[in-house]
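Quick notes on the structure that follows.
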Amino acid sequence: MSVLDNSIEQLAQQVSSGDVSAAQCVDASIAQIRAQNDSLNVMISDCEDAARERAASIDAKIAAGENAGPLAGVPIAIKDGICTAGHVTTAGSKMLENFAPPYDATIVQRLNDAGAICIGKANLDEFAMGSSTENSFFGVTKNPWSTECVAGGSSGGSAAAVASGIAPASIGSDTGGSIRQPASFCGITGIKPTYGRVSRFGLIAFASSLDQIGPMARSAKDCAILMNVLSGHDVKDSTSARNDVPDFAADCEQDIKRLRLGICRQHFEEGLNEEVKASVEEAIKALESLGAETVEIDLPHTKHAVATYYVVAPCEASSNLSRFDGVRYTSREPAEKLIDMYSQTRKVNFGEEVIRRILLGTYSLSSGYDHELYKKASQVRRLIKNDYDAAFEKVDVIVGPTVPTTAFKIGQHAQDPLAMYLADIYTASANLAGVPGISLPCGFSSDGMPIGLQLQSNMFWESTLLKAAHQYQTQTDWHSKRPQS
Amino acid sequence: MSQSHTSAQKIASLARIELTDEESAKVQSEFDSILEYIHQLDEVEIPDGTEPFFGATESTNAVREDAVVPSFDREEILKNAPDSDGEFYRVPPVL
């Protein structure tokens, strides 16, 4: 048994009391990277030297009787779309293959201040665009439960890092499901917080009105401990919320008697795999046995969430990614004239899916093409939000599947981008409305692949999500299953 | 509704991405199926007066003290420049 098998709470306590050293945690994590990365391709780079230095300073602090923080010695994998000062941050793109940011993202700073140790940078779909981590310039991340399957995406490396025991927790980002969907595919717990709850300073922007950073770990309690560290206003991110941050970990201990669970008919209609449906229904019964009540709700516009998302997100992406023009960020293709330099640099250094989305966004925003589309999509987005507002008048939490299926085979959707986009069908609406959502394991398919349960709540009600998920995990052991390595 | 009359090549030039004829044809056919899917939005009935929703921070106006604070060193920033003269980014001729 590895020291990293303990819960984050236990591990941080063991390190703080000197029973386990931070150096041992780093050793265990690096050993797992060595053992697993060749076959799974989870990490783009490791931070071994910096991690060992950090561990030594944490151990020295503890030896001197100082408080090393609530995450003392806990190794954490960070999605490689999040900036780490002086350490190459690629966003999964050839464009940033050699880019070393001059600063840390705010969340990296917060994790460091809490005693956590960044162990390496996890693989992702290029610029977080994808649902399978197949779009990474650095190769596909494989699912630790079956190497024939994808780990999900775009935070596929972050999910696989936790599932394969490389780190007890990781950081992902979620624009249309990119934390929740890979969490579901890899059998772990991952939360997309409310839009604005966690600072995005230092997250390489994909779609700024949708992007949110969040934690991924084995249990809801572990996620809650991380949420305590990550959340809160940041002067460097003017979209970060000024709302008070509750003690998420303490709130997990509350019961869920009389919690009103909304069941949305649209989430159980055609396209939902039968085994996924059965496991989700079983999980709802378990929540009821803990005292929750179920109420039928209607979210009539969620069926348009993916179409809306694939207008809004590419529009924002086409604008955000215009900064990669060969002038500032390491990569440049030589050309005689400036405009040719731009066009060559972007052609050579962006992958196929990124180009597809930039073009889709440019198309939707260009006068004379389809510019009414963006307005229409933004109005439908309002209707989706109104649906949520009406639902949360009646219920506290909306419960359903995270994804219609378990992890699909590598290459299965390679020729059909639209089929891939539909993997976001239950998750994208939360990003459009700004509400939080969590995915947690609730069973396995007959071929041994994990199934995820999604809970969504109103803005800033993450405590309720984490509490419900934690209480469920006190009654079930799906979250403690591990893949055979 | 298909928008196949749209020239992928023209869009690509607006986005400053060079495409070969072959790539452009592929993008064009993918666009057709994606846009057909997206245009399901045409069927959504929008009640009168529905304001577009651009994101969850729409009601907040973030302000801060207008104070001078240290920023990054130029040298640090220029380390990532493909080409610079030590003070400015250097690019090929604009005209």
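Within 10 Å of the Cβ of each residue in A:300-313, the mean number of Cβ atoms contributed by other protein chains is 3.
For the set A:Thr474, A:Thr84, solvent exposure ranked by accessible area (probe 1.4 Å, protein chains only) runs largest to smallest as A:Thr474, A:Thr84. When the Kirkwood radius is taken over all Cα pairs of region B:3-42, what Stokes-Einstein diffusion coefficient follows at 20 °C and 1.002 mPa s, in µm²/s? Stokes-Einstein gives a translational diffusion coefficient of 203 µm²/s. Within the shell defined by Cβ-Cβ distances under 15 Å, the residues around A:Asp416 carry a net charge of -4, with Lys and Arg each +1 and Asp and Glu each -1. Between B:Glu75 and B:Asn61, the simple spin-label model (points 7 angstrom out along Cα→Cβ) gives 4.2 nm.
For the peptide A:366-379, the mean number of other protein chain Cβ atoms found within 10 angstrom of a residue's Cβ is 4. When A:Met1, A:Met216 are compared by accessible surface with a 1.4 Å probe, the order from highest to lowest is A:Met1, A:Met216.
In order along region A:345-362, the Karplus-derived 3J(HN,Hα) couplings, from 6.51 cos²θ - 1.76 cosθ + 1.60 at θ = phi - 60°, round to 4, 6, 5, 6, 9, 9, x, 4, 5, 5, 4, 4, 6, 4, 5, 4, x, 4 Hz, and Gly and Pro are given as x.
Would you give the gap between the C-alpha center of region A:30-99 and the C-alpha center of region A:425-473, rounded to a whole Å? Each part's Cα centre sits 27 Å from the other's. Working note: Cα atoms of chain B, range along each principal axis, descending, whole Å: 52, 44, 22. Roughly how far apart, in whole Å, are the Cα centres of region B:50-95 and region A:357-398? Each part reduced to its Cα centre gives a spacing of 28 Å. For A:Thr106, what is the net charge nearby, where nearby means another residue's Cβ is under 11 Å from its Cβ and Lys, Arg count +1, Asp, Glu -1? My count for the surroundings of A:Thr106 gives -1. Legend: mean number of C-beta atoms from other chains within 10 angstrom of residue C-beta atoms, peptide A:316-327, equals 2. For chain B, take the longest principal axis of its alpha carbons; what is the angle in degrees between that and the long axis of helix B:21-38, to the nearest 10 within 0 to 90? Value to nearest ten degrees: 70.
Between A:Ala419 and A:Ala64, the modelled label-to-label distance comes to 5.9 nm, taking each label 7 Å out from Cα in the direction of the beta carbon. Per the Debye formula on identical point scatterers at the alpha carbon atoms of region A:3-258, with no solvent, log10 I(q)/I(0) at q = 0.12, 0.13 Å⁻¹ is -0.61, -0.72. A:Leu40 exposes around 10 Å² of accessible area when a 1.4 Å probe is run over every protein chain in place.
Counting only trypsin sites (Lys or Arg not before Pro) that are in a DSSP loop and have at most 12 other C-beta atoms within 10 Å, tell me the longest site-free stretch of chain A. By the stated rule (loop sites, at most 12 other Cβ atoms within 10 Å), A:1-241. Scaling the Cα radius of gyration of the protein assembly as shown by the globular reference 2.2 N^0.38 Å produces a ratio of 0.93. Once backbone amide H atoms are built at 1.01 Å from N, A:Ala122 has A:Ile44, A:Ile78, A:Lys79, A:Asp80 as its partners under 5 Å, excluding neighbours fewer than 5 places away on the same chain.
The values are calculated or read from the model by the stated rules, or taken from the named source; none is laboratory data. Since the model is a prediction, treat every value here as computed from it, not as a measurement. Positions of Cβ are backbone-derived with ideal geometry, glycine not excepted, and every protein chain shown enters the neighbour counts. What goes into the accessible areas is simple: the full protein's heavy atoms, side chains included, and nothing from ligands, DNA or RNA. Shrake-Rupley method; radii C 1.70, N 1.55, O 1.52, S 1.80 Å.
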